[in-house]
Structure formats: structure tokens, C-alpha cells
Amino acid sequence: GLPPPAVRGAVRSGIGRWPGATRLSQLVPLTGVGGDAILEVPALRWTNSDAIARHGGFVSGAQRFDHRTFSTSPAEARTMDPQQRLLLESGYEATHDAG
């Protein structure tokens with residue numbers, strides 16, 4: 001006989017992190033009015049007196065990484081690149097957002 005028809009599906013989600021917006025719903029109003037998310041460097045990032053750049057666009061939330069969600073030790077989480085932590089969280093959110 002013939003093989004069963006292929007099952008096709010799609011997963012859709014809109015997750016991202018941007019300076020000034022942690023959700024797509026926050027980004028649309030910011031860009032719609034010509035918003036500016038460039039700020040003076042937060043004191044936690046580096047000292048302005050030693051910095052070449054005094055302003056930048058910063059994504060918030062990397063410091064609030066929940067290592068338990070990803071079965072990671074606290075020591076490993078501290079040594080992870082903040083971009084890796086944000087990528088893990090965004091992937092997790094996208095999976096749950098898609099249903």
C-alpha cells in the first residue's frame with residue numbers, strides 16, 4: 001500500500017529581547033513613536049570614567065537567570081556568557097508561547 005500522508009505542522013512564536021523592550025508588545029509602541037532606548041551606561045556594567053562609550057542600548061534580565069530551570073549549577077550559571085543565558089530563556093519562552 002501507499003505510505004500514510006505526511007503530517008505537517010508549524011510552530012509560531014514571537015519572542016525577543018531588545019533595549020527598552022522585553023516583549024514584542026513593548027517594542028511596537030517604542031518604534032512606532034520613534035522611541036530611543038539608548039541610555040547612559042548603568043553603573044553595574046562598567047565605570048564611565050574608564051569607558052570609551054558612555055551610552056548604549058542594553059538588554060535587561062540576564063542577571064535574573066534561574067539556573068534551576070535549566071539544570072545548571074549556580075557556579076556554572078555565573079560563568080555563562082549573558083548572551084547564552086538570554087538565548088536559553090528566549091528559547092524556553094518561545095516554546096511555551098507557541099503552545
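Among the residues of segment 30-63, those that are within 20 Å of Glu93 (Cβ to Cβ) and out of contact with any helix residue (DSSP H, G or I) (no Cβ under 9 Å at 6 or more places or on another chain) comprise Leu30, Phe58, Ser60. Considering the conditions (1) under 26 Å from Met80 (Cβ atoms); (2) modelled with pLDDT of 85 or more; (3) not hydroxyl-bearing (Ser, Thr, Tyr), Glu40 is excluded by exactly one of them, (1). Only residues that are in a helix (DSSP H, G or I), closer than 20 Å to Trp18 by Cα and modelled with pLDDT under 80 were counted across segment 43-70, and they come to 1. Residues in segment 45-72 that are free of Cβ contacts under 8 Å to residues at least 12 places away in the same chain and more than 17 Å from Leu86 (Cα to Cα): Trp46, Thr47, Asn48, Ser49, Asp50, Ala51, Ile52. Of all residues in segment 71-98, those satisfying the criterion of being over 13 Å from Gly14 (Cβ atoms) and either of a type in the set (D, E, K, R) or not in a helix (DSSP H, G or I) (or both) are Ser71, Thr72, Ser73, Glu76, Arg78, Met80, Asp81, Arg85, Glu89. Do the conditions hold for Gly9, that is, is it surrounded by 10 or more Cβ atoms within 10 Å (Cβ to Cβ), without any contact (Cβ under 8 Å) to a residue 40 or more places away in the chain and over 24 Å from Gln84 (Cβ atoms)? Here the answer is no, as Gly9 does not meet what is asked. Out of all the residues in segment 12-27, which are loosely packed, with under 11 Cβ neighbours inside 10 Å and at pLDDT 80 or above? Within segment 12-27, just Ser25 meets the criteria.
The values are calculated or read from the model by the stated rules, or taken from the named source; none is laboratory data. All figures in this text were calculated on a predicted structure; none of them were measured in a lab. Glycine also receives a Cβ, built like all others from the backbone with ideal geometry; neighbour counts cover every protein chain displayed.
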